[in-house]
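Everything below concerns the one structure shown next.
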Amino acid sequence: MDDRERPGARQWVPEGADIAALKTAAEACRGCELWEPATQVVFSAGPPSASVVLVGEQPGDQEDRRGMPFVGPAGTLLVQAVRDAGIDPATVYRTNAVKHFRFELRGARRLHKTPEAVHITACRPWLHAELQQLAPGIVVALGATAGRSLFGRPVRIGAERGHVLEGAIPDTDAKALLTAHPSAVLRMKDDPGYDDAYAALVRDLKTAAAAAG
């Protein structure tokens, strides 16, 4: 698919719509080709009144099948990290930079493929619309894809993570913080550095919670 076949989501985003209306409208989005092989759009979960907003990369296999963000293995790890950071998971709003699952088939398995810049750009109007309806104290970018979508530029997790940023997100006055995606931590489960990686994620979430007010 070339760029002319990726019109972007703008024409499907109803202006001024609340979160519930945005979720409904997103079901019809054809802003890029990812909608076609995916089971369904996966929009968001959590209260619009949340002071902490978590933005991930894209739905995974389980999220695509169930229609909810962060319900797979990485989501389970994230929920535990949120709890360990002293945050009630029920109070957090969760969404993704890209709303459809990008994957490749390997036999019967659907393997995750990282969204490209064109997919991030095509889907950004949904995230922009969400942030216009939310009033969080802080938005946490989970991983490089989320950071690129929120900040409008490539990011480096190792160099930029854990810092509370003012005015970094064009769509909102909320503070921002970049950290690792929980899937990156999960991939280290059997490595000696896993405990440190998990602790770093929890520490970043604690920093975000304190900055949210």
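The values are calculated or read from the model by the stated rules, or taken from the named source; none is laboratory data. Bear in mind that the values here come from a model prediction, so they are computed numbers and not experimental data. Note that we place each Cβ from the backbone using ideal geometry, even for glycine, and neighbour counts take in every protein chain shown. Note: areas computed on protein heavy atoms with side chains; ligands, DNA, RNA excluded. Shrake-Rupley method; radii C 1.70, N 1.55, O 1.52, S 1.80 Å.
Given Leu201, Leu150, Leu127, Leu131, which one is part of a helix (DSSP H, G or I) and farther than 23 Å from Pro48 by Cβ?
Result of the check over Leu201, Leu150, Leu127, Leu131: Leu201.
I need every pair where a residue in region 192-213 that is under 20 Å from Thr76 (Cβ atoms) and without any contact (Cβ under 8 Å) to a residue 60 or more places away in the chain has its Cβ under 7 Å from the Cβ of a residue that is open to solvent by 30 Å² or more (accessible area, probe 1.4 Å) and small (Gly, Ala, Ser), sequence separation at least 6 or different chains.
Here the result reads none, with nothing in region 192-213 linked to a residue that is open to solvent by 30 Å² or more (accessible area, probe 1.4 Å) and small (Gly, Ala, Ser).
Go through (1) open to solvent by 40 Å² or more (accessible area, probe 1.4 Å); (2) touching a helix residue (DSSP H, G or I) at 6+ places or on another chain (Cβ under 6 Å); (3) closer than 17 Å to Asp204 by Cα one by one and return the number of the condition Gly86 breaks.
(2)
Being open to solvent by less than 70 Å² (accessible area, probe 1.4 Å), over 15 Å from Glu63 (Cβ atoms) and either free of Cβ contacts under 8 Å to residues at least 60 places away in the same chain or not in a helix (DSSP H, G or I) (or both) is the filter here; which residues of region 105-122 pass it?
Residues satisfying the conditions are Ala117, Ile120.
Looking at region 45-61, which of the residues that are crowded, with 17+ Cβ neighbours inside 10 Å and more than 27 Å from Ala210 (Cβ to Cβ) is farthest from the chain's Cα centre (by Cα)?
Among residues in region 45-61 that are crowded, with 17+ Cβ neighbours inside 10 Å and more than 27 Å from Ala210 (Cβ to Cβ), the one farthest from the chain's Cα centre (by Cα) is Gly60.
Only residues that are assigned to a loop (DSSP other than H, G, I, E, B) and touching a residue at least 60 places away in the same chain (Cβ under 8 Å): list them for region 49-69, please.
Result: Ser49, Ala50, Ser51, Glu57, Gln58, Gly60.
Please work out which residue is modelled with the lowest pLDDT, limiting yourself to region 135-149 and to residues that are over 17 Å from Lys206 (Cα atoms) and open to solvent by 10 Å² or more (accessible area, probe 1.4 Å).
This residue is Ala135.
So, in region 71-83, of the ones that are in contact with a helix residue (DSSP H, G or I) (Cβ under 7 Å, 6 or more places away or on another chain) and free of Cβ contacts under 8 Å to residues at least 60 places away in the same chain, which residue ends up nearest to Ala208 (Cα to Cα)?
So, considering only residues that are in contact with a helix residue (DSSP H, G or I) (Cβ under 7 Å, 6 or more places away or on another chain) and free of Cβ contacts under 8 Å to residues at least 60 places away in the same chain, the one nearest to Ala208 (Cα to Cα) is Arg83.
Which one of these is open to solvent by 60 Å² or more (accessible area, probe 1.4 Å) and without any contact (Cβ under 8 Å) to a residue 60 or more places away in the chain: Arg30, Arg10?
Answer to the check: Arg30.
Specify the residue that is modelled with the lowest pLDDT; the eligible residues are those in region 1-18 that are within 13 Å of Arg30 (Cβ to Cβ) and part of a loop (DSSP other than H, G, I, E, B).
By that ranking, first place goes to Met1.
Looking only at region 19-46, count every residue that is assigned to a loop (DSSP other than H, G, I, E, B) and basic (Lys, Arg) and tell me the total.
Residues that pass the stated criteria total 1.
Only one of Ala108, Ala122 is aliphatic (A, V, I, L, M) and modelled with pLDDT under 95. Can you tell me which?
The match here is Ala108.
Six or more apart or on different chains, Cβ atoms under 9 Å: show the pairs whose first residue is in region 152-176 and in contact (Cβ under 8 Å) with a residue 60 or more places away in the chain and whose second is loosely packed, with under 13 Cβ neighbours inside 10 Å and part of a loop (DSSP other than H, G, I, E, B).
Qualifying pairs under 9 Å: none.
Does region 156-193 hold any residues that are of a type in the set (Ser, Thr, Tyr) and either open to solvent by less than 30 Å² (accessible area, probe 1.4 Å) or in a strand (DSSP E or B) (or both), and which are they?
Thr172, Thr179
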